[in-house]
Amino acid sequence: MQTTTKTVDEMGRVVLPAHMRAALDLGIGVLVQITMKEDEIIIKKQKAACTFCGREDSLTQHNGKCVCAHCRQILANQKETESCFN
């Protein structure tokens, strides 16, 4: 386990060390999951998952969102006239 000590700045930010970001391939724009468990804060790289159902298999991106094959099929079968505003 690697441990390092960092200072929280006035905005509540902590910079993750470069070697840790590199080890987890945490580049700019990568989503991370932040969890508080008792007196710990756990930061994990977010796995890609379907926006609608959460599945992690057969994913493609559409307008920046991940969609699995199952949900793509459901969406393809929906009527074109259905609207979010009905």
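The values are calculated or read from the model by the stated rules, or taken from the named source; none is laboratory data. Just so we're clear, the structure is a prediction, and the values are computed from it rather than from any experiment. In case anyone asks, the SASA skips ligands and DNA or RNA and just uses the protein heavy atoms, side chains included. Shrake-Rupley method; radii C 1.70, N 1.55, O 1.52, S 1.80 Å.
Tabulated values for the structure
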item	result
Residue check, Leu59 aliphatic (A, V, I, L, M), more than 15 Å from the chain's Cα centre (by Cα) and open to solvent by less than 90 Å² (accessible area, probe 1.4 Å)	no
Scope region 9-32; condition under 15 Å from Ala48 (Cα atoms) and open to solvent by less than 80 Å² (accessible area, probe 1.4 Å); matching residues	Leu26, Gly27, Gly29, Val30, Val32
Count of residues meeting criterion [open to solvent by 80 Å² or more (accessible area, probe 1.4 Å) and on the phi > 0 side of the Ramachandran plot] in region 33-56	1
Search result, residues across region 19-66 that are charged (D, E, K, R) and assigned to a loop (DSSP other than H, G, I, E, B)	Asp25, Glu38, Asp39, Lys47, Arg55, Glu56, Asp57
